[in-house]
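Inspection log for the structure reproduced underneath, given as structure tokens.
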Amino acid sequence: MSDHYAVFGNPIAHSKSPQIHAAFAAQCAQGLRYDAILAPHDGFAQAITDFVAAGGRGANVTLPFKEEAFRLTKRLTDRARIAGAVNTLTFDDNGMIGDNTDGEGLLRDLTTNLLYSLAGRRILLLGAGGAARGVLAPLLASSPAVLTIANRTPAKALQLAKRFAACGPVHGVAYHELAGQSFDLLINATAASLSGELPPLPAGVFAPGSLAYDMMYGETETPFLTFARQNGAARGHDGLGMLVEQAAESFQIWRGVRPHTLPVIAMLRTAGANRSITAG
Ligand code: NDP
């Protein structure tokens, strides 16, 4: 029987992770099975327990369970401990190990795939959930001029800014406090796009030449990328590249081999699984 992996989330039907890991497995000649599993909102821990009992070797965790996965996991990598969120679980005889590959995935997509340099940039991160937690430390390690976190529940943005204050220049704000400010890189790490909504951004938030990045991906342009295109962003990209890069990092943790990501991103683009916009 081949080794069994899965991604747990709610909702989960939109997930491209099974396709991505199947492509990695074929490319690296690894025999494995990877499924998408819908966990009930109040049943994540039980879903993981059942999966391990059935012989599961590892799991990815997506919204809204990354912070719960962190609380459930006693053995954590440094980057998961700093993030306070877990997106990759590995199961062994001693229990489970929690890691977080989101930050690595975002940075690889921005800097290697999109050739975007982060040093000296004014960065706006929208959202303060599990995805935001995972990317904050690596973004701050890239020497931005400033990193502002805006969140619908402002207290969570303030808490995150406090938690990561030692990593670099980071502030937490409410959306209305963004009026009159503009940024070079705007990253949507909210779940708003999932329900076709747009975080309440003021006009003028996109600096000339700015890059808009939506961690969400799908078959149609997200409301955030549409807003970005209409309000002065020079470039817009969805999160498909990040998704494939964070998956490659998880695959390497589990299988000890790093797959090539560009052919897999290209395959998904050809399948119409993402949208990318360029102004002009
Ligand atoms: P969480 O549930 O942990 O957090 C959701 C965040 O979105 C919170 O900050 C929440 O604000 C905010 N939010 C939800 N709805 C709205 C709305 N209508 N308007 C404004 N803010 C809203 O989710 P995750 O952090 O795990 O995931 C966030 C997104 O990032 C998802 O779309 C996910 O698919 C994507 N993602 C993509 C990855 C990739 O590889 N491409 C990797 C990781 C995540 P509040 O605190 O006020 O509730």
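The values are calculated or read from the model by the stated rules, or taken from the named source; none is laboratory data. Remember, predicted model here, so these are calculated numbers, not experimental data. Methodologically, a virtual Cβ is constructed for each residue, glycine included, from the backbone with ideal geometry; neighbour enumeration extends over all protein chains shown.
Summary of computed values
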{"quantity": "Of all residues making up the stretch 30-56, the number that are over 26 Å from ARG258 (Cβ atoms) and not in a loop (DSSP other than H, G, I, E, B)", "calculated": "8"}
{"quantity": "The stretch 195-223, residues that are touching a Pro at 6+ places or on another chain (Cβ under 7 Å) and at negative phi", "calculated": "GLU197, LEU198"}
{"quantity": "Set GLY204, GLY209, GLY180, GLY172: member being crowded, with 16+ Cβ neighbours inside 10 Å and either touching a Gly at 6+ places or on another chain (Cβ under 9 Å) or not aliphatic (A, V, I, L, M) (or both)", "calculated": "GLY172"}
{"quantity": "Meets criteria (crowded, with 23+ Cβ neighbours inside 10 Å and under 19 Å from GLY103 (Cβ atoms)) for PHE65", "calculated": "yes"}
{"quantity": "Lone unmet requirement of (1) out of contact with any helix residue (DSSP H, G or I) (no Cβ under 8 Å at 6 or more places or on another chain); (2) modelled with pLDDT of 95 or more; (3) loosely packed, with under 14 Cβ neighbours inside 10 Å for HIS260", "calculated": "(1)"}
{"quantity": "Conditions (1) of a type outside the set (A, V, I, L, M); (2) within 15 Å of the ligand (Cβ to nearest atom); (3) part of a strand (DSSP E or B); number of the one not met by ARG152", "calculated": "(3)"}
{"quantity": "Listing of helices (runs of 4 or more DSSP H) fully contained in the stretch 163-280 that carry 3 or more residues being under 27 Å from CYS28 (Cα atoms)", "calculated": "240-255, 262-270"}
{"quantity": "Pairs where the first residue, in the stretch 1-30, is of a type in the set (Asp, Glu) and the second is part of a strand (DSSP E or B), C-beta under 6 Å, 6+ apart", "calculated": "ASP3/LEU32"}
{"quantity": "Residue that is modelled with the lowest pLDDT, among those in the stretch 203-218 that are of a type outside the set (A, V, I, L, M) and within 14 Å of the ligand (Cβ to nearest atom)", "calculated": "GLY218"}
